[in-house]
Amino acid sequence: MNHILAVRDLRKQFTLHTIDGRTVTSLRGVDVDVRAGEHVALAGPSGAGKSSLLRCIHRSYLPDSGSIQLTTPDGTLELTGLADREMARVRGRELGYVAQFLSAPPRTGPWEVVAAAARRRGLSGDAARDAAADSLRRLALDEALWDVDCSVLSGGERQRVNIAAGTVAPPRLLLLDEPVSALDPDNRERALELIASLSARGVAVLAVFHDLDAICRLASRVLVFADGRIAAEGAPSDVLEVAA
Ligand SMILES: Nc1ncnc2c1ncn2[C@@H]1O[C@H](COP(=O)(O)OP(=O)(O)OP(=O)(O)O)[C@@H](O)[C@H]1O
Ligand SMILES: [Mg+2]
């Protein structure tokens, strides 16, 4: 089926050691497939497990069990079986992850953050800097800010740097977690256009959006999460009443 991502029976539970060892289950057996060029949206109420799924794919969380397969030019990799070091390499080269907020190394400016992401995806020297400049320009980040410390940026500016880093030198699989939540309408529009253009270039996208308009415009399929499971799945127009 030409899948870029195939997730099977993914499970994740947290033990809260500070609260009597109580457990919280965020994923109760989740299956997801995403093909090249396909944009799959994740919807459903707060706490249903959407971010946990993206974090497990990115290995910010280690799943308890299940399979996460990523197809690359080197073949299909079982991500849950990779050592941390190999996972870091695959993550840098093949995955773009746009979390809601940017965490940049100290004393690093937007241009360098985005160029570093481009280098991890295989561009070198000037090509990486040029690609980063294109991305920042496309998202209308004021050039006066390109070399300032990211910590001084506003929420919306950080979010645009994060989108630029996630999408520059396009990754094979793009993971988006509420990527436009802090943007004004014009900047939101630019970001959504950029994301749509990546699908057209064959990037597989798995995205959490709170606004239904973005899902309808970008996604061909929606997975509606409820309590750690996929409760419904289908075309946006068929399932969004469930998600709303
Ligand atoms: N690091 C963690 N430690 C303990 N519990 C966690 C952790 N991360 C997530 N959870 C729990 O797992 C459940 C799913 O959380 P998750 O962040 O995946 O939800 P979500 O669908 O992304 O919600 P939202 O729409 O509010 O972002 C929640 O009950 C949450 O409290
Ligand atoms: Mg979330």
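The values are calculated or read from the model by the stated rules, or taken from the named source; none is laboratory data. This one's a predicted model, so the numbers in the text were calculated from it and none came from an experiment. Counting neighbours? That spans all protein chains shown, and the Cβs are built from the backbone with ideal geometry, glycine included. Accessible surface is based on the protein model in full, side chains and every heavy atom, while ligands, DNA and RNA are left aside. Shrake-Rupley method; radii C 1.70, N 1.55, O 1.52, S 1.80 Å.
Beyond 18 Å, the tail of the calculated P(r) for the stretch 154-234 holds 41 percent of the Cα pairs. May I ask for the distance between the Cα centers of the stretch 127-143 and the stretch 85-101, given as a whole number of Å? So the separation of the two Cα centres works out to 20 Å. Dividing the summed helix terms, -39500 (n - 2.57) for each DSSP H run of n ≥ 4, by the number of residues in the chain produces a 222 nm estimate of -11000 deg cm²/dmol to the nearest 500. A simple rule links phi to the HN-Hα coupling: the Karplus curve 6.51 cos²θ - 1.76 cosθ + 1.60 with θ = phi - 60°, which for the stretch 23-37 gives 10, 10, 9, 9, 10, 10, x, 10, 10, 9, 10, 9, 9, 4, x Hz, with x for Gly and Pro.
Placing unit charges on the Cβ atoms only, positive for Lys and Arg and negative for Asp and Glu, gives the chain a dipole magnitude near 620 debye about its Cα centre. In the chain, a dipole from Cβ-located charges (positive for Lys and Arg, negative for Asp and Glu) runs towards its positive end, and of HIS39, LEU95, SER181 it is LEU95 whose Cα lies farthest in that direction. Average accessible surface for the chain: 46 Å² per residue, computed with a 1.4 Å probe over protein heavy atoms with every protein chain in place. Of the trypsin sites (Lys or Arg not before Pro) found in the stretch 172-244, those in coil by DSSP whose Cβ has at most 15 other Cβ atoms within 10 Å are ARG201.
Of all beta bridges that DSSP places with both ends in the chain, some 60 percent have antiparallel geometry.
Computed about its Cα centre, the charge dipole of the stretch 143-244 is approximately 420 debye, with only Lys, Arg, Asp and Glu carrying charge at their Cβ.
For the stretch 103-170, give the percent of accessible area contributed by carbon and sulfur heavy atoms, probe 1.4 Å, rounded to a whole number. Carbon plus sulfur share of accessible area: 47 percent. Out of every Cα-Cα pair that the chain contains, those further apart than 34 angstrom amount to 14 percent. Modelled spin-label separation between ARG137 and ARG107, with each label point placed 7 Å from Cα along the Cα-to-Cβ direction: 3.0 nm.
Packing-based ranking of 203-216, 57-70 yields 203-216, 57-70, ordered from highest to lowest mean Cβ neighbour count within 10 Å. A Cβ-based charge dipole, computed about the Cα centre of the stretch 1-70 with Lys and Arg at +1 and Asp and Glu at -1, lands at about 120 debye.
A viscosity of 1.002 mPa s and a temperature of 20 °C, combined with the Kirkwood radius over Cα pairs in Stokes-Einstein, give a translational diffusion coefficient for the stretch 103-170 of 188 µm²/s. Averaging 1/r over each pair of different alpha-carbon atoms in the stretch 1-135 and inverting the result gives 16.8 Å, the Kirkwood hydrodynamic radius.
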